[in-house]
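Single-structure report; data block below.
The values are calculated or read from the model by the stated rules, or taken from the named source; none is laboratory data. Everything quoted here is computed from the prediction, not taken from an experiment. All Cβ positions, glycine included, derive from the backbone under ideal geometry; neighbour counts span all protein chains shown. Please note that ligands, DNA and RNA were not included when accessible areas were found on the heavy atoms of the full protein model with its side chains. Shrake-Rupley method; radii C 1.70, N 1.55, O 1.52, S 1.80 Å.
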Amino acid sequence: MAIGKAEFARRRQTLMGMMEPNSIAIVPTASVKVRSRDTDFPYRPDSNFFYLSGFNEPEAVAVLLPGRTHGEFVMFCRERNPEKEIWDGVRAGPEGVLASHGADDAFPVDDIDDILPGLIEGRDRVYYAMGKDPVFDRRVMNWVNRIRENIGIGAMPPGEFLDLDHLLHDMRLYKSAAEVRALQKACDISAAGHRRAMAACKPGMMEYELEAELLYEFTRQGARQPAYPSIVGGGRNACILHYIDNNAPLRDGDLVLIDAGCEWAGYAADITRTFPVNGVFSPAQKQLYELVLDVQLAAIAALKPGAHWNQAHEISVQVMVEGLVRLGILHGEVAKLIEEGAYKDYYMHRIGHWLGMDVHDVGDYRVGDQWRVLESGMALTVEPGLYIRADDERVPKKWRGLAIRIEDDVVITRQGCQVLSSDVPKTCADIEQLMAQARATGPQQQLL
């Protein structure tokens, strides 16, 4: 496990220290999702639940009760069941949760309707993330209503519901040293996948064949799942920002955009590279690529403690528009083009997002009416893109249908920032060198 038992305990203590007096927090895990009929999707626990418990089985609920004499951390989970374990694998059971996950008390989840109302009763406030799971929302309200029905005989229901996400999401925004190591591992594995795809790429392959190279490398290194559906878009398909069909042939002379990252120990990587299918950038491709790279490097240079969240985006827009004017794609004064948003036809998304347990991780981008100030431990992506539609007749023909995105994962440090995904080549020269060596020696030799 990437995160140790002691860190999960510190997280729970930190959260309880921020909760109002005489309160309770209820944190259910994710439910199992049906894929088709009697086949389920691979299970992944709810990120908030896993952040506090490190427990990855379904049908579980974590309960925090600050100040409770008999223990502040209570877990509900499935009981051991030898017959079901033959089919679906070993369960921890309440005894295992007590032994391995730091719970003070653990009960069968089938008994939650009998036990949890008693834990809620007498507490003034309930911390719960209402609206995520309507079925569990109704259970929580039923428990509270059962207590309310007994007010006449002295029962004391909670008087207030508070949003648990407000506290937990701010905690998750600041990554510990162990979390940064987990993110680095996810980036290292993902980087190997991207290098493998570059080395294997050649005209005539299908997009899904490159995706297979990525997924093979992820799995080979112990990351059993991608953090999100992989994007492998050749040619004009890369102009579709969330293209995941990955079923078209890769043509000689086209670029291919790969946006892919693995999940390792609950933490996500998110890396994008764009490279020539045949291993050599054309002059027109190189012009646009080097503009996007200049944008990205300028944005990364701006990431440091004290800078605000939007500063890197503002710099990316400035450098992008200057480049588009220089190339003749946009016409006019840079400041006016920025004010009018003329660049949004070609650069329509923001520079990045928070990164962590979720690929688009939690955390506010604004505090009040001000952009959030960056602090050490925050992790984010930096991903400028330039997309020119094939039917855009305002642009010289040599650039139509080209799409380029370059994305790296970055953590803010005390002195500035650290790029976690630097093991993937991103200059034209380095990409061409890797692909040339792969053609000369074979892709497998290149990866050794």
Gly279 passes all but one of (1) in contact with a helix residue (DSSP H, G or I) (Cβ under 8 Å, 6 or more places away or on another chain); (2) buried (at least 20 other Cβ atoms within 10 Å of the Cβ); (3) more than 18 Å from Arg236 (Cα to Cα); (4) of a type outside the set (Ser, Thr, Tyr); which number fails? (3)
In region 48-68, which residue that is open to solvent by less than 20 Å² (accessible area, probe 1.4 Å) and polar (S, T, N, Q) is nearest to Leu173 (Cα to Cα)? Asn48
Complete set of residues in region 149-175 that are in a helix (DSSP H, G or I), at pLDDT 95 or above and not hydrophobic (A, V, I, L, M, F, W, C): Asp165, His169, Asp170, Arg172
With (1) touching a residue at least 40 places away in the same chain (Cβ under 8 Å); (2) farther than 29 Å from Gln287 by Cα; (3) open to solvent by 10 Å² or more (accessible area, probe 1.4 Å) as the list, and Gly368 as the residue in question, which single condition is left unmet? (1)
For region 39-144, please list each of the helices (runs of 4 or more DSSP H) lying entirely inside it that holds at least 2 residues being more than 16 Å from Leu164 (Cβ to Cβ). 82-88, 93-100, 112-120
Those residues of region 250-265 which are in a loop (DSSP other than H, G, I, E, B), among the aliphatic types (A, V, I, L, M) and within 19 Å of the chain's Cα centre (by Cα) amount to Ala265
Matching residues in region 206-227 - criterion: being part of a loop (DSSP other than H, G, I, E, B), surrounded by fewer than 19 Cβ atoms within 10 Å (Cβ to Cβ) and at pLDDT 95 or above: Gln221, Gly222
Residue ID - farthest from Gly356 (Cα to Cα), chosen from residues in region 399-412 that are touching a residue at least 40 places away in the same chain (Cβ under 8 Å) and assigned to a loop (DSSP other than H, G, I, E, B): Gly401
Out of curiosity, is Ile24 in a loop (DSSP other than H, G, I, E, B) and open to solvent by less than 30 Å² (accessible area, probe 1.4 Å)? no
Breaking point among (1) open to solvent by less than 20 Å² (accessible area, probe 1.4 Å); (2) among the polar types (S, T, N, Q); (3) under 25 Å from Met75 (Cα atoms), for Ser190: (3)
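Here's the yes/no breakdown for (1) under 26 Å from Ala429 (Cβ atoms); (2) free of Cβ contacts under 8 Å to residues at least 40 places away in the same chain:
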| residue | (1), (2) |
| --- | --- |
| Ala284 | yes, no |
| Leu291 | yes, no |
| Trp309 | no, no |
| Lys336 | no, yes |
Residue by residue through region 1-44, note down the ones that are under 27 Å from Asp110 (Cα atoms) and among the hydrophobic types (A, V, I, L, M, F, W, C). Phe8, Ala9, Leu15, Met16, Ile24, Ala25, Ile26, Val27, Ala30, Val32, Val34, Phe41
Selection status of Ile26, at pLDDT 95 or above and among the β-branched types (Val, Ile, Thr): yes
Phe161 vs (1) crowded, with 18+ Cβ neighbours inside 10 Å; (2) of a type outside the set (Lys, Arg); (3) closer than 15 Å to Leu65 by Cα; (4) without any contact (Cβ under 8 Å) to a residue 40 or more places away in the chain: all pass except (1)
When the residues of region 69-92 are filtered to those that are in contact (Cβ under 8 Å) with a residue 24 or more places away in the chain and closer than 20 Å to Thr14 by Cα, which remaining residue is most open to solvent (accessible area, probe 1.4 Å)? His70
Might you check whether a residue that is free of Cβ contacts under 8 Å to residues at least 60 places away in the same chain and within 23 Å of Ala227 (Cβ to Cβ) occurs anywhere in region 13-29? yes
Return yes or no: is Leu241 open to solvent by 10 Å² or more (accessible area, probe 1.4 Å) and not in a helix (DSSP H, G or I)? yes
Single match in Glu375, Glu407, Glu383, Glu393 (criterion: surrounded by fewer than 20 Cβ atoms within 10 Å (Cβ to Cβ) and either among the hydrophobic types (A, V, I, L, M, F, W, C) or closer than 30 Å to Gln287 by Cβ (or both)): Glu393
Could you grab me the full set of residues in region 229-238 that are closer than 20 Å to Leu355 by Cβ and open to solvent by less than 30 Å² (accessible area, probe 1.4 Å)? Ser230, Ile231
Pick from region 93-115 the residues that are charged (D, E, K, R) and more than 14 Å from Lys5 (Cα to Cα): which of them is least open to solvent (accessible area, probe 1.4 Å)? Asp105
Give me the pairs: first residue in region 108-122 and at positive phi, second residue surrounded by 12 or more Cβ atoms within 10 Å (Cβ to Cβ), beta-carbon distance under 8 Å, and six or more apart or on different chains, which are they? Gly122/Asn22; Gly122/Met156
